[in-house]
Amino acid sequence: MPVLDPATGQQLRTVADATPEEGIAALDAAAAAQAQWARTPARERSDILMRAHRLLLDDADRLALIATLEMGKPLAEARGEITYAAEFFRWFAEEAVRLDGGYMPAPGGGSRFLVTKQPVGPSLLITPWNFPMAMGARKIGPALAAGCTCVVKPAEQTPLCTLALAEILNKAGVPAGVVNVVTTSDPGSLMTPLILDPRSRKLSFTGSTAVGKILLEQCARTVMRTSMELGGNAPFLVFEDADLDAAVEGALAAKMRNIGQACTAANRFFVQRLVATDFAERLTARMAQLPLGPGTEPGVVVGPLIDGDAVAKVTELVADARARGAKVLLGGDPVEGPGNFYPATVLTDVPDDAMICHTEVFGPVACLATFDTEDEAVDRANDTPYGLVGYVYTENLRRGLRVSEALDSGMVGLNQGVVSNPAAPFGGVKESGLGREGGLVGIDEFLESKYIGVAL
Ligand code: ADP
């Protein structure tokens, strides 16, 4: 199947388009390697991951270029993603050797409880196109650390990053059969038999809420464990007591990282009335300075969107907001091809019923609305089925903590526009997902507690 450069529409190369039979062969390999990998001492698994961390960093320039070419993000951001991906391997290398257990007397006496942790087993890892390296590492790292083998299925748009990652893992010493990558243009046909196969014991998915719901239903058939990192609709609250310079910089980071194509992207800005005009002007001025072009060009911040459908979707959302009374302060119209470009855009006075307030924009469009009271801001921020992350800007500590606790989300950026960190638990509530990736709990997603009751 072809892999396209979103900046030009040109074909970069082709990769294998796996058949469902080849998918099953990958699971055969993972299942066959499982027992031996689980028996491999944790220190050895850890050392392999640590080598992968180093190899990724040593090869960062080449890997970043692959990411930019097939996904579109600016090279500087791609470099950042390689570091971020490598850090997952280091973090989970450190976690692999710290699996804990327990020994305690039964409360009623007469026996003892032994508790140990075991790998859940062969795991299916489905990754999205927006952070192809980091999402691969974020799933493969804890799976290997826990002693699980895996089948990894990258997104159709970005197979090259995952193949490069697999090559690195191979070099780092991962035994044959432990990491198996399948690339396909038809993910449903390939993955459904794997999900229904009782040898698969875990599904870790990052992608849209719509696909996540289908997969959850499929997983119910074999009661398979799942981790689901799904969509977001992040609110970004700016209170009148915020440091506005910091809020504008945080807004740029939360909005423009990955050209707005992140589940953590700020989707709805709510700004308190007293500072609303000032914030809008400053944000517009900063957004207007961001160079647009292919991600390979030095200095570019606004690279191409992933494909033509993405541009069409953003165009439709902006048209709907305008029809409902939103004003355009910057941008607002797609850029002529070739390539899938949409310019940095700022909309103000966006009514809450606009489609753009209820849909993940996944593009460089900031939607501004005004609020009066803290309660109102929290209510409007929470008025969404999603709950991945929220951002809060205020210099008032009490308000910052009060609002952070009141937001219905798995994560909050309090006076910061980026929350992702391998050492922190990443994940959402409500329709944004189940489970956490990274942090101290990340490895637990690939472990089962085994309790052994011991008669005395
Ligand atoms: P996006 O809208 O960001 O492309 P998707 O949820 O469609 O998100 O894709 C995320 C990942 O899920 C990709 O790897 C894609 O190939 C995969 N995927 C999509 N549909 C299915 C399906 N029916 N079964 C398994 N994987 C799927």
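Just give me the residues in the range 157-179 being touching a strand residue (DSSP E or B) at 6+ places or on another chain (Cβ under 9 Å) and surrounded by fewer than 24 Cβ atoms within 10 Å (Cβ to Cβ), in sequence order. The answer is Gln157, Leu160, Leu163, Ala166, Asn170. Restricting the first member to the range 207-229 and to residues that are touching a residue at least 40 places away in the same chain (Cβ under 8 Å) and under 23 Å from Glu448 (Cβ atoms), and the second to residues that are polar (S, T, N, Q) and within 11 Å of the ligand (Cβ to nearest atom), the beta-carbon pairs closer than 9 Å and six or more apart or on different chains are Gly212/Thr206; Ser227/Thr206; Met228/Thr206; Met228/Thr209; Glu229/Thr206.
Restricting to the range 123-143, name every residue that is in contact with a Lys or Arg (Cβ under 6 Å, 6 or more places away or on another chain) and over 18 Å from Cys263 (Cβ atoms).
Within the range 123-143, the first condition is being in contact with a Lys or Arg (Cβ under 6 Å, 6 or more places away or on another chain), and the residues that meet it are 123, 125-126.
Of everything in the range 123-143, just one residue is in contact with a Lys or Arg (Cβ under 6 Å, 6 or more places away or on another chain) and over 18 Å from Cys263 (Cβ atoms), namely Ser123.
The single residue among Gly147, Gly121, Gly136 that is surrounded by 19 or more Cβ atoms within 10 Å (Cβ to Cβ), within 18 Å of Thr206 (Cα to Cα) and modelled with pLDDT of 95 or more turns out to be Gly136. When you look at Glu87, is it among the charged types (D, E, K, R), under 19 Å from Leu56 (Cβ atoms) and more than 20 Å from the chain's Cα centre (by Cα), yes or no? Taking the combined requirement at face value, the residue does not satisfy it. Scanning the range 71-110 for residues that are without any contact (Cβ under 8 Å) to a residue 24 or more places away in the chain, in contact with a Lys or Arg (Cβ under 8 Å, 6 or more places away or on another chain) and small (Gly, Ala, Ser) turns up just one, Gly101. For first residues located in the range 296-314 and within 12 Å of the ligand (Cβ to nearest atom), partners that are assigned to a helix (DSSP H, G or I) and lie 6+ apart or on another chain with Cβ distances below 6 Å form the pairs Leu305/Val311. Could you check Leu125 against (1) touching a strand residue (DSSP E or B) at 6+ places or on another chain (Cβ under 9 Å); (2) over 27 Å from Leu215 (Cα atoms) and say which number it fails? Of the numbered conditions (1) touching a strand residue (DSSP E or B) at 6+ places or on another chain (Cβ under 9 Å); (2) over 27 Å from Leu215 (Cα atoms), the odd one out for Leu125 is (2). Of all the residues in the range 155-169, those that are in a helix (DSSP H, G or I), in contact with a Ser or Thr (Cβ under 7 Å, 6 or more places away or on another chain) and without any contact (Cβ under 8 Å) to a residue 60 or more places away in the chain number 1. Taken together, Ala246, Ala276, Ala254 contain a single residue that is among the small types (Gly, Ala, Ser) and over 25 Å from the mean Cα position of the chain (by Cα), which is Ala276. Checked against (1) in contact (Cβ under 8 Å) with a residue 24 or more places away in the chain; (2) surrounded by fewer than 16 Cβ atoms within 10 Å (Cβ to Cβ); (3) within 27 Å of the chain's Cα centre (by Cα), Gly23 meets all criteria but (2).
The values are calculated or read from the model by the stated rules, or taken from the named source; none is laboratory data. Every value quoted in this text rests on a predicted model; they were computed, and no experiment measured them. Heads up, the Cβs are rebuilt from the backbone with ideal geometry, glycines too, and the neighbour counts pull from every protein chain shown.
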